[in-house]
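The values are calculated or read from the model by the stated rules, or taken from the named source; none is laboratory data. Here the structure is a predicted model, which means the values were calculated and not measured. Heads up, the Cβs are rebuilt from the backbone with ideal geometry, glycines too, and the neighbour counts pull from every protein chain shown. Surface accessibility is based on the protein's heavy atoms, side chains included, excluding ligands, DNA and RNA. Shrake-Rupley method; radii C 1.70, N 1.55, O 1.52, S 1.80 Å.
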Amino acid sequence: VQLQACGGGLVQAGGFLGLSCTVSGNIFGLVNMGWFRQAPGKQRDLVARIASGGAANYTDSVKGRFTISRVSTKNTMYLQMNNLKPEDTAVYYCNVVFFPRVNYWGKGTLVTVSS
């Protein structure tokens, strides 16, 4: 299983960016897909997660601003990030979970929000 993440970059506060993550390989048993982020000096935290049935959940700080989605036929997950804030600056990682609890991680992509 491999994860290929795209997107990220530099944007001014209030702007928007989109991330995508495509999963390749044997995806049988794929349960959840999600995005995590890690700011300098901080731990890696969950940003948003979407289950195979489409149910999504978000960390409180991004609710109303970020939207996670997935296109199962393309094995691809997206994160639309609107009204970005400097505190959203971090390396973003895509994550997939296979039954029962096997995790795979993509390489991080940097999102920088300038004030």
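Test residue 3 against the criterion of being open to solvent by less than 50 Å² (accessible area, probe 1.4 Å), closer than 15 Å to residue 109 by Cβ and not aromatic (Phe, Trp, Tyr), and give yes or no. Reasoning before the result, please.
Details: open to solvent by less than 50 Å² (accessible area, probe 1.4 Å): yes; closer than 15 Å to residue 109 by Cβ: yes; not aromatic (Phe, Trp, Tyr): yes.
The answer is yes for residue 3.
How many residues does the range 76-115 hold that are open to solvent by less than 40 Å² (accessible area, probe 1.4 Å) and in contact with a helix residue (DSSP H, G or I) (Cβ under 6 Å, 6 or more places away or on another chain)?
1
Restricting to the range 23-42, what's the tally of residues that are within 15 Å of residue 106 (Cα to Cα), open to solvent by 50 Å² or more (accessible area, probe 1.4 Å) and modelled with pLDDT of 95 or more?
Matching residues across the range 23-42 total 1.
Mind listing whichever residues of the range 97-114 are charged (D, E, K, R) and free of Cβ contacts under 8 Å to residues at least 40 places away in the same chain? Break it down into steps so the answer makes sense when it comes.
Narrowing the range 97-114 to residues charged (D, E, K, R): 101, 107.
Correct list: 101 only.
Just give me the residues in the range 43-68 being more than 20 Å from residue 101 (Cα to Cα) and open to solvent by less than 50 Å² (accessible area, probe 1.4 Å), in sequence order. Quick ask: steps written out before the conclusion?
Residues of the range 43-68 more than 20 Å from residue 101 (Cα to Cα): 43, 59-68.
Within the range 43-68, 59, 62, 65, 66, 68 qualify.
Given the criteria under 16 Å from residue 3 (Cβ atoms), of a type in the set (A, V, I, L, M, F, W, C) and modelled with pLDDT under 95, does residue 91 qualify? Before the answer, list the steps.
Numbers: under 16 Å from residue 3 (Cβ atoms): yes; of a type in the set (A, V, I, L, M, F, W, C): yes; modelled with pLDDT under 95: no.
Spelling it out, it is not the case that residue 91 is under 16 Å from residue 3 (Cβ atoms), of a type in the set (A, V, I, L, M, F, W, C) and modelled with pLDDT under 95.
Quick test of your reading of the structure: residue 67 fulfils all but one of (1) within 12 Å of the chain's Cα centre (by Cα); (2) closer than 17 Å to residue 93 by Cβ; (3) among the β-branched types (Val, Ile, Thr). Name the failing condition by number.
Failing condition for residue 67: (2).
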